[in-house]
Amino acid sequence: MSREKEAAGRRPGASLSIDPGYVARIAGVLLGICLMTALLLGVVNSVTRPRIDAIQAEKVRAAMSQVLAADEYLPIRLQKDLRGVQSVFEARAGGGTLGYVVQVTANGSQGEIRMMVGVDVDNRVTGVSIIRHSETPNIGTRVVADQSVLDRFVGMSHENGEITVNSGSNRFDGISGATVSSRGVAAGVNAALAAAFEAASGLVE
């Protein structure tokens, strides 16, 4: 073939023929890969999910025991929803009520702080345990990861109003430079105290 004919064959606007069968084969291969990947992910999830759920449940149980030791924790449901309150449990031992354990979430500086708060029958905090957080290392973690700081809430109540940070009559001394994290945990404790009061008042379903 002459150069002129070759050039004419490659002229702009010339159509390109594509084999439909080839396209179908490629699409089939890609679809098969996608289906196989989805199947493998499903299998992995089915194998690991129960283990992950069991670990999380054990972590929650340990946090409950840490904030208020009891023989059993009976889930209860409040008549009204309280902001940040995820679940409420009646802590019992020897047939009597020791208080309530409340799982709450609050906003920290970098996202959600999930915690467990124990409250006795006198509506006083018995303990605070952080279950999950995303606070900044060496800043917010100086609050949420330091049990000695969290223990400052022990014995506090709403007797003199809601707990405030670094000021007020019901003051929690937060950590300098981690005020947002301190306020987040304080908000969670306030929510737990409110929930425990509702539960103790019989305002449950």
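The values are calculated or read from the model by the stated rules, or taken from the named source; none is laboratory data. These numbers come from a predicted model, not from an experiment. Cβ: placed from backbone, ideal geometry, glycine included. Neighbour counts: every protein chain shown. Please note that ligands, DNA and RNA were not included when accessible areas were found on the heavy atoms of the full protein model with its side chains. Shrake-Rupley method; radii C 1.70, N 1.55, O 1.52, S 1.80 Å.
Which is farthest toward the positive dipole end of the range 82-188 among Ala186, Gly108, Gly94, measuring Cα position about the Cα centre, with Cβ charges +1 (Lys, Arg) and -1 (Asp, Glu)? With unit charges placed on the Cβ atoms, the residue in question is Gly108. Roll a 1.4 Å probe over the protein chains and send me the accessible area per residue for the chain in Å². Each residue of the chain exposes 60 Å² on average to a 1.4 Å probe. Per residue, the chain reaches -14000 deg cm²/dmol at 222 nm when only DSSP H runs of four or more residues are counted, each adding -39500 (n - 2.57). Farthest toward the dipole's positive end in the range 30-126, which of Leu39, Gln79, Val117, given Cβ charges of +1 (Lys, Arg) and -1 (Asp, Glu) about the Cα centre? Toward the positive end, the furthest listed residue is Leu39. Taken along its three principal axes, the alpha carbon spread of the range 24-128 comes to 72, 33, 26 Å, from the longest extent down to the shortest. Overall, the accessible surface of the range 101-179 at a probe of 1.4 angstrom is composed of carbon and sulfur to the extent of 40 percent.
Using alpha carbons only, the radius of gyration of the range 146-205 set against its Kirkwood radius gives Rg/Rh = 1.02.
Centre-to-centre, using Cα atoms only, the range 122-196 and the range 48-121 are separated by 16 Å.
Once the Cα atoms are used to define both axes, helix 20-67 deviates from the longest principal axis of the chain by about 10 degrees. Give me the percent relative contact order of the chain, please, defined on Cα pairs under 8 angstrom at least 6 residues apart. Relative contact order, the chain: 17 percent.
For the range 92-157, the calculated P(r) over all alpha carbon pairs, in 5 Å bins from 0 to the bin holding the longest distance, is 4, 18, 23, 23, 15, 9, 5, 3, 1 percent. Our estimate of slack between Ser17 and Ser201, defined as 0.36 nm per intervening residue step minus the Cα-Cα distance, is 58.3 nm.
Enclosing the Cα atoms of the range 58-205 in their convex hull gives a volume equal to 96 cubic angstrom per residue.
Protection proxy ranking of 144-153, 113-122, by the mean of other Cβ atoms within 10 Å over each peptide's residues and highest first, is 113-122, 144-153.
Summing charges over neighbours of Asp53, with a neighbour being any other residue whose Cβ is under 13 Å away from its Cβ, gives +3 when K and R count +1 and D and E count -1. Which shape class, rounded, prolate or oblate, goes with the range 132-174 when its Cα gyration tensor gives a ≥ b ≥ c as root eigenvalues, a/c under 1.5 marks rounded, and past that a/b bigger than b/c marks prolate? Note, shape of the range 132-174 comes out prolate.
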